[in-house]
Amino acid sequence: MYQTAGKMNSERDSETTFDEDSQPNDEVMPYSDDETEDELDSQQPAVEPEQNRINREAEESREPVKKDCSWQVKANDRNFHEQPQFQKTTFLCCNKSKYAGNAIKTYKYNPITFLPLNLLEQFKRAANFYFLILLILQAIPQITTLSWYTTLVPLLLVLGITAIKDLVDDVARHRMDNEVNNRTCDVIKEARFKDTKWKDIKVGDVLRLKKNSFVPADILLLSSSEPNSLCYVETAELDGETNLKFKMSLEVTDRYLQEESALARFDGLIECEEPNNRLDKFTGTLVWRNMSYPLDADKILLRGCKIRNTDYCHGVVVFAGADTKIMKNSGKTRFKRTKIDSLMNYMVYTIFVLLILLSAGLAIGHTYWEQQIGNSSWYLYDGQNYSPPYRGFLNFWGYIIVLNTMVPISLYVSVEVIRLGQSYFINWDLQMYYPEKDTAAKARTTTLNEQLGQIHYIFSDKTGTLTQNIMTFKKCCINGQMYGDYRDESGQPQHCTEQVDFSWNMYADGKLSFYDHYLIEQIRSGKDPEVRQFFFLLAICHTVMVEVSNGELNYQAASPDEGALVTAARNFGFVFLSRTQNTITISEMGIERTYDVLAILDFNSDRKRMSVIVREPDGRIRLYCKGADTVIYERLHPRNPKRHATQEALDTFANETLRTLCLCYKDISYREYEAWNKKFTEASVATTNRDEALDQVYEEIEKNLILLGATAIEDKLQDGVPETISKLAKADIKIWVLTGDKKETAENIGFSCELLTEETTICYGEDVSALLQTRLENQRNRAGSNTQSSQRTTEPFFQSGRNRALIITGSWLNEILLEKKKKKKKLKLKFPKTAEEKQMRIETRRRAEVNKEQQQRNFVDLACECRAVICCRVTPKQKAMVVELVKKYKKAITLAIGDGANDVNMIKTAHIGVGISGQEGMQAVMSSDYSFGQFRYLQRLLLVHGRWSYIRMCKFLRYFFYKNFAFTLVHFWYSFFNGYSAQTAYEDWFITLYNVLYSSLPVLLVGLLDQDVSDKLSLRFPGLYISGQKDLLFNYKKFFVSLIHGIITSLIIFFIPYGAYLQTMGQDGEAPSDYQSFAVTTASSLVLAVNFQIGLDTSYWTFVNAFSIFGSIALYFGIMFDLHSAGIHVLFPSSFQFTGTAPNALRQPYLWLTIILSVAVCLLPVVALRFLSMTIWPSESDKIQKNRKKYKIEAEQWKPRPSAFRRGISGRRSAYAFSHQRGYADLIASGRSIRKKRAPLDAVLGNSMAEIRQAAETS
Amino acid sequence: LLSAGIALPLFFALGLAGLAVGLGLHFSSGTIRELELDYTGAPRSNHDCARCTNASATSGPCLCTLRFELAEPFPGPVCLYYQLSNYYQNHRRYGVSRDDLQLSGDPWGLRVANSLFNDTFTLHRLVNGSFMPVPLDSRGISWWTDSNVKFRNPELVNGSLATAFWGTAKPPNWPCAAYLLDAGNPNNTGFVNEDFIVWMRTAALPTFRKLYRRVHQGNFSAGLPHGTYRLDINYSYPVLPFKGTKKVILSTVSWMGGKNPFLGIAYLVFGSACILTGFVMLAVHIKYQQQNQMDED
């Protein structure tokens, strides 16, 4: 099955190269994120002629865009920037410099503004504002029905808790800001370098930065300690790439600005573009000594970079603080809310509408009652001759106040407390702690937890997320012989796992684990010269740079694959020691030799190979080449005896999802070299199409190669990735891999992490495009006949339920989703000529929009039918776009996980963003909502914490609505017996404290601690997760069930005491059928009923649960007896009027019988119904809970199955072990990095070499 | 709690307990003797009090009498209640018109509830052809906390309560000023008058009873023997305008208070419902357990 697909694929590949124009190119990244339309135009390969014409017209009519360099910076001249033309008016008259200072400010409040601003912020929330309005209503004497404190006390509590939380957050921000702002670096002041805090740095300051220090602002590099003022920086914070990049100053500044005094006198003027967010672009000029010099991004050190391998460097600040590129790039953080949040809001609105309806109904009732009875009840005469309708109107507001507790004031703050607690549980979870990097899981956002239990789609980055981004040398094939399995010295297979001992090699780094003792034997004995030749090639054919620090060799490679190969060679005794512009020194089994490098034929994505031409000490010239098997095999000498054996080895490696490279060499005669070198020199100075010319020349010499063998590198997956993916798949979560990597690599990783299997049918961009095309035509036809244009077809794209996967590149995505065309349209629409034309254009645009939407919807439908989707070669923007598409058309909850700066956009777009922490770069983590050290913790985060959070939150909300309805509606029933007069059924203090004290703690604890099944069982049965995805536990239906439950409870709570009070008297004949006793009876029944109800709802009983339930009840009785005591009445006679009610009423046995009966009638039907539904329709978790003990025993005996390694029959082509970056060949060839000019430095280098050797020998 | 092992016994046990309590309540409620006498005097009823309904408060008291037979003795202590219906003492407007600061002893700006129930009753028993007064005890009819904490008279001025109340108006519907409520007894006059306190303990529902007097003194300490009685009513409280009724009730009390048919029946219903549900649950449990076992096999 697969082979046919593979064949199709290779056919397609040839087509692709043949017919480049009409098909998207899989190899190149689409356009960069912020490319302007001009750039897009120049890249656009083919547009329909009609569109071309329109575009051209548009361009002609457009005014020429002038690159204006309005940003002026003068070095060492602070006054320059204070000039009036650089001031901008902010408020009405307040002038401010347009240059930002370097201090950063992320905090929101200071001690003075905290209270007013925080209150303002809080009252912006609808709920708080609503209660403020209520408070004001309560102050109006005509309508006040509840004492002011019934609203004020809870409101103050809610505001207080939120304010404390905000305060803690803000203090943390203050502390972080201070930490950053108070870092120091050297700045020239009064002609000397002085230690200065970051926050005091201004634009135009000249700085000196030391090795390993962070760059405080965007700086123009002037000079450095290195030759040519080269400066190495690590940009991990910016783009997540850990390999070093180099920056180089202008020659003129390099020459004249080395000394402190010269730097102090420097008065250059920099004119450049205004601050923007494009990390890789910078244009400007330096005007100095009446000369101007062009500046580009290579001369700029960006804030957030780290200086590496450079003792010190000097620079002048161009952008500071908020103007820096990293700050401009940080983007607006989207405010994320959970699905439950919005659902909750709608429910609160529903309740609010209900409240108004009830109040209106009761107001009408009151009007009617006043007319019928009230008017003739002389005892009610209060001196005010209001008409019944007016009284009804007043009562409407009165009831709004009385029934306000239906809208739960403490809901929002309780929800926040619960989420905060759950976030702490995530932070404290030791099973998500990654000891190797000392990183714990962290919930950076505390408001999204329950959403973790509802994830439908996961969008994962590949490098650094699924993989460790560590390449290790695993196996090799030399001269047709495979090495790398478990074998002893004589080549016999072994089962023991003893590692190879590299101690004979003093340069070994001790990090390579290798188990084939036979290979070592072969190398050391030197029996097979090919083996030594193989590792020699690895040591010589590369563009790695070496650095010696603390007597250790450190390799800096452009791609981790290459680093792995050179490191492997080093461990096997072929150590790359140093290089100059045209020599390379290698220690071959302890013997140091220096070779002349005649040429480096660098890697690029078309060539997929690299070569070096070296002259050996004996004068022989040899070309060493390594590259992807497909390109190497095409260039082999026809007579290569080991061709087939190596091919087999390559297939084996590919099956084990290893990344392979072929190694080969060729001897070149001196004459041949001379002839080639001439062409090479010509090509390298060519002014036009230099790259193509060079490729042509390289092609000429890289042929008739002799195959030496193949290497296999493992792109190490993070631990537990396949298991995690299969677990998540069982939980019905779909996983999409979005990567900037090449198609082959991505596919390879798809196989190794078991997203793709041998049975999977893979669809590529072309297939998708064709499918979508037919679909769209069908839809158009149907729309034509049906006239209903936006009708959606739901039939699946694929007939059978076969296992399918989609692999699509960024270019195809753009093509399919019509993204590029949209940009064009925008451009041309700016210049409509006539009204008619304008109309037409609007029409076309509308049609295009509809078309595009249809196409996008179809694509998402198609992609969602596939079991796995891999998008490769996608830009950060496309990653975000894909997430956005699924969000938009599937209405599903998405999660994006990544580690690098290129994932930031997608992390911010998805409902939940997860960052892998502990890597060098922090960008992804900084913008994420959750972070942890390893991909595998995702299953615990989702299946355990997410699911629990969801269950808890749902339970909490259901109960919360229930308890408030049960509480409030008693007033409603009571109004039928008090003339709809807004009389409350409880004491005011009870109303005040009910939500705050008597019923809050148990439900909070359930929201924090409840769990239906343990974490182990949650992980073992991922199917439990599905209820969250389907919103089964909290939705409108559940809400109404809670509502009805609340209504029934309130009915019972009211009518059973009502019945008991109809005709009764006390034990001693006193008549306790008074209002106050009634209020105590209902309140006691209610407190007992709701507290026992939460006891029923609790599925995970702990001591604290029991304590909180009985504690709440005890608290209720305790407080009530206190408030009803004589003492408090004497102190505050007007606030405490229930004097003696509790002791007098509650000594009557029949009132206790009433309370017990009401509580029992409230609870027992619930028990019965739950028992029946659990027996008849048990849910998944019920079943598991029932068999808990059985599973526990099983778990003790259960051992994780060893992951069965599949060895398919496929001929899957492997990826080749290069990243898509260029190597350092240019840099090496230019010689700028090489310490050749400075003799003393070379000597130092030599000394350090000697040191290493000595150290190794003595040890 | 929801496992069969707990839920089923719970239901049966609660059901039995409910039945037991229900029976107890029902029977003790049944032992209570209660007599209701309606004296509203509705128009067209040939009640003696009907003639008083048109008398206004200002025209002075109107006396009417009621004769009734007790077929069987009422064991003591016997309580005498008055009952009003369709009277919304729980109306919010009624509730807010009281001023608790005043009631605890601050006389200035007095606006005491105007509507104090001011009918008075005396009870006589026909003994040997003549009516002997039955002593009615008005002490201890209110809660201790009410008469001793909540309701306080203002500080005496020159040893006189009247002076303390000086400057306050008599509530328009009252026959006399507050300090004259029980002029003979300084501990029962003014705000601490127990009838006033009982009245001020507002009722929960529009039909309510309030304790008027107890019979537990002298010859009647063992209760009211059977025989003929006469109730003299000083009728002055108008209820007909709002279609209310007035009743006098004689009742004995037990451990659970007065007659209360509701609670006993409610418990009986609850107990039987519990047992019934218990059987349904048992049946379902057995059926589905078998099914589950079959599924597992």
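The values are calculated or read from the model by the stated rules, or taken from the named source; none is laboratory data. From a predicted model like this one, the values you see are computed outputs, not experimental measurements. Virtual Cβ from ideal backbone geometry, glycine too; neighbours counted across all protein chains shown.
Name the residue that is surrounded by the fewest Cβ atoms within 10 Å (Cβ to Cβ), counting only residues in region A:973-989 that are in contact with a Leu (Cβ under 6 Å, 6 or more places away or on another chain) and among the hydrophobic types (A, V, I, L, M, F, W, C).
So, considering only residues that are in contact with a Leu (Cβ under 6 Å, 6 or more places away or on another chain) and among the hydrophobic types (A, V, I, L, M, F, W, C), the one surrounded by the fewest Cβ atoms within 10 Å (Cβ to Cβ) is A:977.
Which pairs do you get when a residue that is facing chain A (nearest Cβ under 7 Å) and more than 30 Å from residue B:227 (Cβ to Cβ), found in region B:73-97, comes within reach of a residue that is of a type in the set (S, T, N, Q) and crowded, with 22+ Cβ neighbours inside 10 Å, reach meaning Cβ atoms under 6 angstrom, with the pair 6+ apart or on two chains?
B:90/A:978; B:90/A:983; B:91/A:978; B:91/A:981; B:92/A:981; B:92/A:983
Residue B:253: surrounded by fewer than 17 Cβ atoms within 10 Å (Cβ to Cβ) and facing another protein chain (nearest Cβ under 10 Å), yes or no?
Answer is no for this residue.
If you scan region A:649-684, which residues turn out to be farther than 12 Å from residue A:476 by Cβ and either in contact with a Leu (Cβ under 8 Å, 6 or more places away or on another chain) or part of a strand (DSSP E or B) (or both)?
Result: A:659, A:664, A:665, A:666, A:667, A:668, A:673, A:677, A:680, A:683, A:684.
Check off (1) surrounded by fewer than 22 Cβ atoms within 10 Å (Cβ to Cβ); (2) more than 55 Å from the chain's Cα centre (by Cα); (3) at the interface with chain B (Cβ under 10 Å from one of its Cβ atoms); (4) outside any helix (DSSP H, G or I) for residue A:1147 and give me the number that stays unchecked.
Answer for residue A:1147: the failing condition is (3).
Among what's in region A:1114-1136 and is touching a residue at least 60 places away in the same chain (Cβ under 8 Å) and either of a type outside the set (Ser, Thr, Tyr) or surrounded by 15 or more Cβ atoms within 10 Å (Cβ to Cβ) (or both), pick the residue that is nearest to the other protein chains (Cβ to nearest Cβ).
The selected residue is A:1136.
Answer with yes or no whether residue A:206 is of a type in the set (Val, Ile, Thr), buried (at least 20 other Cβ atoms within 10 Å of the Cβ), within 17 Å of residue A:265 (Cα to Cα) and touching a His at 6+ places or on another chain (Cβ under 9 Å).
yes
Only one of these conditions is not met by residue B:38: (1) buried (at least 21 other Cβ atoms within 10 Å of the Cβ); (2) more than 14 Å from every other protein chain (Cβ to nearest Cβ). Which number is it?
Answer for residue B:38: the failing condition is (1).
Can you pull out the residues in region B:230-250 that are more than 13 Å from chain A (Cβ to nearest Cβ) and either among the aliphatic types (A, V, I, L, M) or in contact with a Lys or Arg (Cβ under 9 Å, 6 or more places away or on another chain) (or both)?
Result: B:230, B:231, B:233, B:235, B:248.
List every residue pair whose Cβ atoms lie under 9 Å apart, where the two residues are 6 or more positions apart in sequence or sit on different chains, the first residue falls within region B:120-134 and is within 20 Å of residue B:251 (Cα to Cα), and the second residue, located anywhere, is of a type in the set (D, E, K, R) and not in a strand (DSSP E or B).
B:120/B:195
It is to be established whether one or more residues within region A:942-951 are within 13 Å of residue A:458 (Cα to Cα) and among the aromatic types (Phe, Trp, Tyr).
No, every residue in region A:942-951 fails to be within 13 Å of residue A:458 (Cα to Cα) and among the aromatic types (Phe, Trp, Tyr).
Taking the stated definitions as given, is residue A:1069 more than 30 Å from the chain's Cα centre (by Cα), over 14 Å from residue A:954 (Cβ atoms), within 14 Å of chain B (Cβ to nearest Cβ) and assigned to a loop (DSSP other than H, G, I, E, B)?
So residue A:1069 fits the description; yes.
Please pick out the residue among A:733, A:749, A:725 that is buried (at least 23 other Cβ atoms within 10 Å of the Cβ) and without any contact (Cβ under 8 Å) to a residue 40 or more places away in the chain.
A:725
Of all residues being more than 7 Å from chain A (Cβ to nearest Cβ) and aromatic (Phe, Trp, Tyr) in region B:191-229, which is nearest to the chain's Cα centre (by Cα)? Just the residue, please.
B:212
Is at least one residue of region A:258-266 polar (S, T, N, Q), assigned to a helix (DSSP H, G or I) and surrounded by fewer than 19 Cβ atoms within 10 Å (Cβ to Cβ)?
Yes.
Consider residue A:416 against the criteria (1) over 28 Å from residue A:353 (Cα atoms); (2) more than 14 Å from every other protein chain (Cβ to nearest Cβ): it satisfies all of them except one. Which criterion is unmet?
Single failed check for residue A:416: (1).
Go through region A:624-648 and give me each residue that's closer than 23 Å to residue A:542 by Cα and either in the same structural domain as residue A:751 (by the TED database) or not hydroxyl-bearing (Ser, Thr, Tyr) (or both).
Within region A:624-648, A:625, A:626, A:627, A:628, A:629, A:631, A:632, A:634, A:635, A:636, A:637 qualify.
State all residues of region B:222-238 that are among the polar types (S, T, N, Q) and surrounded by fewer than 16 Cβ atoms within 10 Å (Cβ to Cβ); if no residue qualifies, say none.
The answer is B:228, and nothing else.
Quick one: residue A:475 ticks every box in (1) of a type outside the set (S, T, N, Q); (2) under 30 Å from residue A:732 (Cα atoms); (3) in contact with a helix residue (DSSP H, G or I) (Cβ under 8 Å, 6 or more places away or on another chain); (4) buried (at least 22 other Cβ atoms within 10 Å of the Cβ) except a single one, so which number is it?
The number of the failed condition is (2).
Filter region B:256-293 for residues that are surrounded by fewer than 18 Cβ atoms within 10 Å (Cβ to Cβ) and of a type in the set (S, T, N, Q) and give the result.
Hits for region B:256-293 are B:272, B:289, B:290, B:291, B:292, B:293.
Go through the residues of region A:585-598 one by one and say whether even a single one is over 19 Å from residue A:533 (Cβ atoms) and in contact with a strand residue (DSSP E or B) (Cβ under 8 Å, 6 or more places away or on another chain).
Taking every residue of region A:585-598 in turn, none turns out to be over 19 Å from residue A:533 (Cβ atoms) and in contact with a strand residue (DSSP E or B) (Cβ under 8 Å, 6 or more places away or on another chain).
Only residues in region A:425-444 that are at pLDDT below 90 count as the first member; pair them with residues that are acidic (Asp, Glu), Cβ under 7 angstrom, at least 6 apart or cross-chain, and list the lot.
The qualifying pairs are A:444/A:929.
Results for (1) touching a residue at least 60 places away in the same chain (Cβ under 8 Å); (2) in contact with a Phe, Trp or Tyr (Cβ under 6 Å, 6 or more places away or on another chain), shown as yes or no for each residue.
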position	(1), (2)
A:82	no, no
A:96	no, no
A:117	no, yes
A:158	yes, no
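Which of (1) in contact (Cβ under 8 Å) with a residue 24 or more places away in the chain; (2) of a type in the set (A, V, I, L, M); (3) facing chain B (nearest Cβ under 7 Å) does residue A:1163 not meet, given it meets every other one?
Unmet condition: (3).
Since residue A:447 meets every condition but one in (1) touching a residue at least 24 places away in the same chain (Cβ under 8 Å); (2) not small (Gly, Ala, Ser); (3) not in a loop (DSSP other than H, G, I, E, B), which condition does it not meet?
Unmet condition: (3).
Identify all residues within region A:355-376 that are crowded, with 18+ Cβ neighbours inside 10 Å and either in a helix (DSSP H, G or I) or modelled with pLDDT of 95 or more (or both); write none if there are none.
A:355, A:358, A:359, A:362, A:363, A:365, A:366, A:367, A:369, A:370, A:374
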